[in-house]
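Report on the following structure.
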Amino acid sequence: MKLNSLLLMSRLVKKSPSVCTDLPLSSSDVCNKLHLMKEFLRSSYGPTARLKQVHNNIGGSVVTSSTSSVLLQAIASSQPIISLIRSSILNHVSRFSDCGLFAAVFCLCLLEQAGQCGLRKNVMIKVNKHLLALCTGYLQQEDCGCKVKLDFCSSQSLITLARSVISSKPTCVLTEPESDHISRLAVQAFLLTVPCNIPDTVRLGRTATITIEGHSVLKSAVFPGLLLSMPENLCFDSLCSPLHVVLFSISLAGDLSEIGDGRIEMHQGVDVDSQILDQLLELGKQVLKDGVKLFLCQKVIHPVLQHYLRCNGVIVIERLGVSLMEPLIQLTGAQPVATLHATIPSTVYGKVHNVCIRQFGSKTMLHLHPAGETAICSMILCHRNETMLNELKLVCQTTEHVLRLTLREPFALLGGGCTETHLAAYVRHKSKNEVSESTSVLGCSQTEYLLAAEAFCHSLELVATSLEHNGGTSLIDLTHAHHWTLPSDVTEEHLEGVMAPCGCGVVESCQNKTRSYLDTKYAGFSPAPWLTASPLQATVLDSFTAKVNALGVAVETANLVLDVRYVIQDVN
């Protein structure tokens with residue numbers, strides 16, 4: 001007993017007091033970590049980004065990705081400022097799915113520029129808020145020069161938006177034909193989830209994604225209806241349509257835990273297992289009497305009940321999982337049954353038009369065809385290995401969310417860095433022309449305001465330059481303020497012969513246009529609008545809703561970090 005007491009005392013360590021850090025952004029250690037995070041995320045940004053492999057130093061799996069949601073969840077830091085930025089960006093991604101890297105890089109650039117210009121933090125915060133309002137106000141205008149209205153009469157603009165999202169993730173390792181194929185499938189799946197007959201309350205459908213490793217991406221496909229993993233050796237004769245369906249959300253394995261909470265009383269000599277099995281078989285008899293031909297369960301079904309139902313011509317599928325329950329409810333119209341101890345009312349049954357078997361590589365799937373109009377579809381995704389397939393699945397889910405956002409706001413922003421350079425030119429011009437009015441409202445000097453505005457604009461331009469990872473340089477044309485990339489093997493003497501379009505593809509050539517390198521100062525100008533009756537035909541588009549929110553998140557997070565006076569950290 002004394003030995004145990006001595007061992008316990010030897011393990012006790014005096015609790016250390018919390019550490020209080022004053023002005024964390026003045027610490028070189030914090031600034032170095034912020035700079036490292038910025039470079040880490042900048043190099044992951046865009047179609048030609050460098051892939052990242054993240055591995056925890058205490059073990060675990062290796063994560064390979066260039067997607068913000070994956071990277072930010074994989075990395076961890078003991079620095080509270082880093083954790084604050086990480087949490088803020090992940091919250092944006094959880095709500096909008098896209099533009100996480102844009103928000104993170106822009107936020108970190110704002111913090112770095114704020115430190116370099118040497119202005120008071122309260123001045124930077126006020127000017128950042130003012131310029132954010134200027135940007136969002138401009139983006140909401142009808143004549144905004146970097147906004148494109150999406151035409152739902154044609155699928156081309158939706159395919160362009162989908163391709164821009166998909167091609168921005170190099171971990172997918174897609175060729176151009178593969179990228180085009182997946183983009184068309186993503187739009188097809190999105191359109192299938194939009195109901196044709198719009199009721200008072202619009203309810204979008206679901207896309208169920210099934211992944212198959214080891215096959216060509218071009219074998220990926222989309223099917224109306226729902227594909228379910230089929231048990232081995234399942235066979236059935238031709239069935240008359242429609243087929244009645246019953247759907248259970250509880251386990252039918254005969255476990256006592258599924259009976260519910262409370263006290264269980266048993267008479268002596270009663271075989272509990274037999275009693276429960278009899279109850280399950282009574283359930284089977286009822287569904288047979290009611291004409292059920294498709295018996296579905298979220299969890300496990302007792303083997304005896306399965307055998308009984310199959311011998312009577314019923315298709316039985318178990319272990320569906322919670323993710324398929326909502327699509328099944330929408331597709332079949334069935335209501336999930338959550339009890340064994342009551343007669344099943346006829347109102348909970350659903351129906352499907354027909355079922356058939358489909359083979360995809362090594363997977364055999366049961367295809368449920370809807371009895372009426374439905375907004376449920378299934379996407380088969382194929383790729384060469386697991387890492388690429390996981391990234392492709394994530395990107396397709398992001399694309400579906402981005403396309404859904406267009407139903408609320410049918411606009412897109414010019415991609416390829418053109419929105420960033422266009423906004424930078426607009427804000428720089430507006431700030432210089434309205435400097436007197438702005439400084440009187442913000443309560444700062446004109447010099448402070450112009451320095452803070454320049455830091456804001458330069459941060460936007462740094463985001464645009466982050467798209468280049470092959471040693472090229474970035475330019476801006478001084479007419480429309482679009483972004484251009486000059487390859488590393490092209491000298492300034494041969495610049496006139498460069499015929500490549502701008503980053504978004506709207507401006508076909510930079511010939512006959514005055515231009516400037518983005519890392520040099522140029523005279524402020526107001527970006528000229530496009531005087532054309534037809535819509536802009538961009539080849540790269542960004543989500544309007546996601547990017548406007550990401551812009552706000554980046555500025556607000558940077559301002560929050562700038563406003564931090566003390567960091568109190570528990571080190572125990």
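Below are the figures for this structure:
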quantity: Yes/no for HIS35 being surrounded by 12 or more Cβ atoms within 10 Å (Cβ to Cβ), of a type outside the set (Gly, Ala, Ser) and farther than 28 Å from LEU450 by Cα; calculated: no
quantity: Flag if LEU110 is in contact with a Phe, Trp or Tyr (Cβ under 6 Å, 6 or more places away or on another chain), within 22 Å of SER44 (Cα to Cα) and either without any contact (Cβ under 8 Å) to a residue 12 or more places away in the chain or not charged (D, E, K, R) (or both); calculated: no
quantity: Residue that is open to solvent by less than 10 Å² (accessible area, probe 1.4 Å) and out of contact with any strand residue (DSSP E or B) (no Cβ under 8 Å at 6 or more places or on another chain), where the choices are VAL217, VAL165, VAL202, VAL187; calculated: VAL187
quantity: SER274, sole failed condition from (1) hydroxyl-bearing (Ser, Thr, Tyr); (2) open to solvent by 40 Å² or more (accessible area, probe 1.4 Å); (3) at pLDDT 85 or above; calculated: (3)
quantity: Residues (on the phi > 0 side of the Ramachandran plot and either open to solvent by less than 20 Å² (accessible area, probe 1.4 Å) or among the charged types (D, E, K, R) (or both)) located in the range 465-483; calculated: ALA481
quantity: Which numbered condition GLN306 fails, given (1) open to solvent by less than 40 Å² (accessible area, probe 1.4 Å); (2) among the polar types (S, T, N, Q); (3) more than 30 Å from SER68 (Cβ to Cβ); (4) under 30 Å from the mean Cα position of the chain (by Cα); calculated: (4)
quantity: Number of positions in the range 528-572 that are farther than 21 Å from GLN156 by Cα and in a loop (DSSP other than H, G, I, E, B); calculated: 9
quantity: Given (1) open to solvent by 70 Å² or more (accessible area, probe 1.4 Å); (2) under 27 Å from GLY205 (Cα atoms); (3) touching a Gly at 6+ places or on another chain (Cβ under 9 Å), number of the condition ASN312 does not satisfy; calculated: (2)
quantity: Qualifying residue in the range 320-336 (condition: among the acidic types (Asp, Glu) and buried (at least 19 other Cβ atoms within 10 Å of the Cβ)); calculated: no
quantity: Residue that is surrounded by the fewest Cβ atoms within 10 Å (Cβ to Cβ), among those in the range 427-457 that are within 24 Å of CYS144 (Cα to Cα) and without any contact (Cβ under 8 Å) to a residue 12 or more places away in the chain; calculated: GLU437
quantity: Filter result (in contact with a His (Cβ under 9 Å, 6 or more places away or on another chain), part of a loop (DSSP other than H, G, I, E, B) and under 15 Å from GLU391 (Cβ atoms)) within the range 60-103; calculated: SER61, VAL62, SER97, ASP98
quantity: Which listed residue, of SER257, SER241, is open to solvent by less than 80 Å² (accessible area, probe 1.4 Å) and either more than 37 Å from the chain's Cα centre (by Cα) or at pLDDT below 95 (or both); calculated: SER241
quantity: Residues of the range 320-343 classified as touching a residue at least 60 places away in the same chain (Cβ under 8 Å), out of contact with any Phe, Trp or Tyr (no Cβ under 7 Å at 6 or more places or on another chain) and more than 19 Å from THR374 (Cβ to Cβ), total; calculated: 4
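The values are calculated or read from the model by the stated rules, or taken from the named source; none is laboratory data. Keep in mind the model is a prediction, meaning the values are calculated, not measured. Virtual Cβ from ideal backbone geometry, glycine too; neighbours counted across all protein chains shown. Side chains are part of the model used for accessible areas, which takes the heavy atoms of the whole protein and leaves out ligands, DNA and RNA. Shrake-Rupley method; radii C 1.70, N 1.55, O 1.52, S 1.80 Å.
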